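Chemist: Pasting in a structure now, in structure tokens, and then I'll have a few things to ask.
The values are calculated or read from the model by the stated rules, or taken from the named source; none is laboratory data. All of these numbers come straight from a predicted model, not from anything done at the bench. Note: ideal-geometry Cβ built from the backbone for every residue, glycine included; neighbour counts use all protein chains shown.
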Amino acid sequence: YPGAEEFLPARPGPRNLRTAIKTCQGCDLYLDATQAVFGEGPRDAPLVLVGEQPGDVEDRDGRPFTGPAGRVLDRALEDAGLDREQLYLTNAVKHFRFEHRGKRRIHQRPTLRQTTACRPWLSAELDLVEPDGVVLLGALAGQSLLGADYRVGDHRGRIFDLPGSTAWALATVHPSAALRAEDRDAVYAGLVEDLRLAAARLA
Ligand code: URA
Ligand code: SF4
């Protein structure tokens with residue numbers, strides 16, 4: 001598989017990108033997923049939030065963060081005083097990676113190769129929106145934009161320069177970590193604290 005680069009439109013406006021991603025075969029994930037889930041939000045959003053990949057719900061309805069993790073994120077944004085409608089939400093990888101277990105489709109983490117293959121779409125979104133800041137929700141978003149050695153545990157709450165961009169990047173946990181962790185209340189509180197930091201940097 002060649003990576004997403006050759007599937008990008010010549011003129012990467014929002015409409016062209018949305019159309020072009022439907023044809024992407026940059027890695028093997030297009031084979032089993034229902035559809036590519038592109039980011040959404042205003043083009044002049046001051047903040048871009050980058051998750052991992054669409055989940056089961058997002059794969060079916062075609063929009064980012066509409067399932068259980070999205071509900072956690074919505075609540076955390078509200079608690080941090082941020083308005084989802086004013087932000088641009090997207091993912092590091094645009095197709096859902098899963099394995100079948102009976103009738104259920106169980107989320108699988110995308111590989112580094114798949115993440116790298118998909119990065120041109122994310123880069124195109126960042127070039128389009130030119131946000132002041134980017135919130136990295138979880139390890140995969142960080143690895144996509146800051147390199148394979150990125151670990152959330154080491155970096156949570158820290159601000160980085162985003163290579164090739166004037167935006168800052170804030171490291172935080174993925175909202176789904178607040179669903180499954182034994183210490184989910186502490187994880188959630190950390191997420192809200194980090195989102196507040198992002199909000200404060202915009203103010
Ligand atoms: N998890 C993500 O990282 N992104 C989504 O869009 C949904 C769940
Ligand atoms: Fe293309 Fe990304 Fe889907 Fe792979 S995951 S096929 S690179 S859009």
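Chemist: Select, from 164, 157, 142, the only residue that is at pLDDT 95 or above and part of a loop (DSSP other than H, G, I, E, B).
Modeler: Residue meeting the stated conditions: 157.
Results for (1) more than 19 Å from residue 120 (Cα to Cα); (2) hydrophobic (A, V, I, L, M, F, W, C); (3) modelled with pLDDT of 95 or more, shown as yes or no for each residue.
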| site | (1), (2), (3) |
| --- | --- |
| 32 | yes, no, yes |
| 37 | no, yes, yes |
| 40 | no, no, yes |
| 44 | yes, no, yes |
| 48 | no, yes, yes |
| 55 | yes, no, yes |
| 65 | yes, yes, yes |
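Chemist: Restricting to region 34-77, name every residue that is touching a His at 6+ places or on another chain (Cβ under 9 Å) and farther than 22 Å from residue 139 by Cα.
Modeler: Residues satisfying the conditions are 34, 35.
Chemist: Look through 129, 93, 57 and report the one residue that is more than 13 Å from ligand 2 (Cβ to nearest atom) and buried (at least 20 other Cβ atoms within 10 Å of the Cβ).
Modeler: Of the residues listed, the single one that is more than 13 Å from ligand 2 (Cβ to nearest atom) and buried (at least 20 other Cβ atoms within 10 Å of the Cβ) is 129.
Chemist: Out of curiosity, is residue 115 at pLDDT 95 or above, surrounded by 15 or more Cβ atoms within 10 Å (Cβ to Cβ) and near ligand 2 (Cβ under 9 Å from one of its atoms)?
Modeler: Against the criterion (at pLDDT 95 or above, surrounded by 15 or more Cβ atoms within 10 Å (Cβ to Cβ) and near ligand 2 (Cβ under 9 Å from one of its atoms)), residue 115 qualifies.
Chemist: Let me ask another. Against the definition (more than 16 Å from ligand 2 (Cβ to nearest atom), within 15 Å of the chain's Cα centre (by Cα) and of a type outside the set (A, V, I, L, M, F, W, C)), how does residue 62 come out, yes or no?
Modeler: no
Chemist: Check 157, 138 and return the single one that is in contact with a His (Cβ under 7 Å, 6 or more places away or on another chain) and touching a residue at least 12 places away in the same chain (Cβ under 8 Å).
Modeler: The conditions single out 138.
Chemist: Here's a follow-up. Taking the stated definitions as given, is residue 152 away from ligand 2 (no atom under 16 Å from the Cβ) and buried (at least 17 other Cβ atoms within 10 Å of the Cβ)? Talk me through it step by step, then tell me what you get.
Modeler: Details: away from ligand 2 (no atom under 16 Å from the Cβ): yes; buried (at least 17 other Cβ atoms within 10 Å of the Cβ): yes.
Criteria met by residue 152.
Chemist: Quick check on my filter: what residues within region 68-80 are surrounded by fewer than 20 Cβ atoms within 10 Å (Cβ to Cβ) and more than 18 Å from residue 134 (Cα to Cα)?
Modeler: Listed by number, the residues that qualify are 68, 71, 75, 79.
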